[in-house]
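See below for the structure under consideration.
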Amino acid sequence: MSLTLYRQHRPAPLLFVLAGIGSNPYFGLGTYVAWLFHRQGFHVVILPSPMSWNFALAASRSGAPGYAPADARDLYQTMQDTLTLLRTRYHVATTRIGFLGASLGALDGAYLSVIDAQERKIGIDTYLLLNPPLDLNYALERVDAWNALGAKFGRDRSKALVARALAIVDTFSTERRDDPAVFARLSREFKTFTREEIQFLLAKALQTALPELVYVTETIEDPADRRPITKDEARQRIQAANRVTFVDYAQRLAVPRWRKQAVGLPTDLQGFARQGSLTPILEQLRANPRVHIVHNADDILTTRQSIRALQQALGPRVVVFPYGGHLGNLWYSDNTEYMLRTFGAGSTR
Amino acid sequence: MQLISDSRRVPVGGRKQELRLPGCVVRSPLSLWSAIVWSAIVLCLSPSLVQAEEYRYPYRDPYLATVTTAILSADGMTPHLKREAIHVPVLAGRSHLRRSKDGVP
């Protein structure tokens, strides 16, 4: 399995970064966090999302990731293996270890904190969990509803929307990530889309990695003689998975495998979503002063009521910013300062 | 910075001596005092909300805000930041997913 390492050439704190659904170690939010912390003297390792083909193939014992308690267990093993490798082969010297998770990575991180508090095999001293989904059923339904807008728009308009959005983003590929003017220009470009069009684009972005995950998850269980021979065959099967949604994936592929993992587990997706949310571990999180959670009151994948309930349960270790949507304020100076401060890093101002 | 949210602000406005709380108007000094005490208690119990007026994040539309994450991969500042690919051993039996051309896995 591939990870990325940004290292210092001296003993330094090490930060594991786990971004959101389907993220990989080479692109996206993880690379931004790596940039932010590496210049503050941290070693940074970016992990692939458990909901990526990379992790499903190499580290997920069920082969069907998406159930946070099981994914966190697999992550925990991966992180131990990674630390051994870093210390023995790469001679990376760590002074302490932190974890930063975003979105689904934050939910996985919450479960990770429970495991490490019990087993102490890694000894993570600080967790920062950004915008974890608090009610997975709600988040899944939202994304599915946004995805369904594609039927309303029709195939051609949907394809044109995605192409237009990608073209806009592409023009920003070499811009600075600490300049509010750059984000202002981007938002001006996206103001030309309707609310529904943006919802559809967000659903598409969240599901980008799903076809490859579906392919790997199916193929792991295929009898050897049904596995594809050529790259073309593999590509055709990935294309066939293009229309699969999260709910399809979970109901058809994942839930049957999750149920085999242990007795007494739920029987349907809603049950797994409830059991894999934050609610069942709130007591452990409350008892663990290493865990810090940041949310935005207007997060589009979380209800305000569930954020209030989280605050009531965890008190001052939950910080809620009034705006930012889902992770949309990570680049904003108040937020970067807060992130750095949580891990004891200096200011960027 | 970690103080209160928009919804907990208690704006004083309109006619004199009127304290407007969501859903009620308080006029007597005793009621006013009790409202202030209760507001203070609410604020003290909720120390982890960032005060909206102090937080100058520019986007009030949460969808537009979310879209801004799309350019966090931009590497204009980090062309020379060195990263290394680390390969961690995979689970047994997962090293390949294709069968060979003679059909042997």
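Side notes on the structure shown:
- Any hit, segment A:248-266, residues being assigned to a loop (DSSP other than H, G, I, E, B), touching a residue at least 60 places away in the same chain (Cβ under 8 Å), more than 9 Å from every other protein chain (Cβ to nearest Cβ) and aliphatic (A, V, I, L, M): no
- Residue check, A:Thr4 in a helix (DSSP H, G or I) and within 11 Å of chain B (Cβ to nearest Cβ): no
- Test: residue in segment A:171-181 that is of a type in the set (A, V, I, L, M) and either under 27 Å from A:Thr302 (Cβ atoms) or away from every other protein chain (no Cβ under 14 Å) (or both): no
- If the condition is being surrounded by fewer than 19 Cβ atoms within 10 Å (Cβ to Cβ), over 16 Å from A:Asn296 (Cβ atoms) and out of contact with any strand residue (DSSP E or B) (no Cβ under 8 Å at 6 or more places or on another chain), then segment A:116-143 contributes A:Ala117, A:Gln118, A:Glu119, A:Arg120, A:Lys121, A:Asn137, A:Glu141.
- Residue that is away from chain B (no Cβ under 13 Å) and buried (at least 24 other Cβ atoms within 10 Å of the Cβ), where the choices are A:Gly98, A:Gly109: A:Gly109
- Residue match in segment A:291-302 (condition: surrounded by fewer than 16 Cβ atoms within 10 Å (Cβ to Cβ), more than 22 Å from A:Glu141 (Cα to Cα) and not β-branched (Val, Ile, Thr)): no
- Matching residues in segment B:44-75 - criterion: being surrounded by fewer than 17 Cβ atoms within 10 Å (Cβ to Cβ), modelled with pLDDT under 70 and in contact with a helix residue (DSSP H, G or I) (Cβ under 9 Å, 6 or more places away or on another chain): B:Leu45, B:Pro47
- Output for segment A:280-324, where each listed residue is more than 24 Å from A:Arg341 (Cα to Cα) and at the interface with chain B (Cβ under 7 Å from one of its Cβ atoms): A:Ile300
The values are calculated or read from the model by the stated rules, or taken from the named source; none is laboratory data. Only a predicted model underlies this, so the values are computations on that prediction, with no experimental measurement involved. Cβ sites come from the backbone with ideal geometry, for glycine too, and all protein chains shown count toward neighbours.
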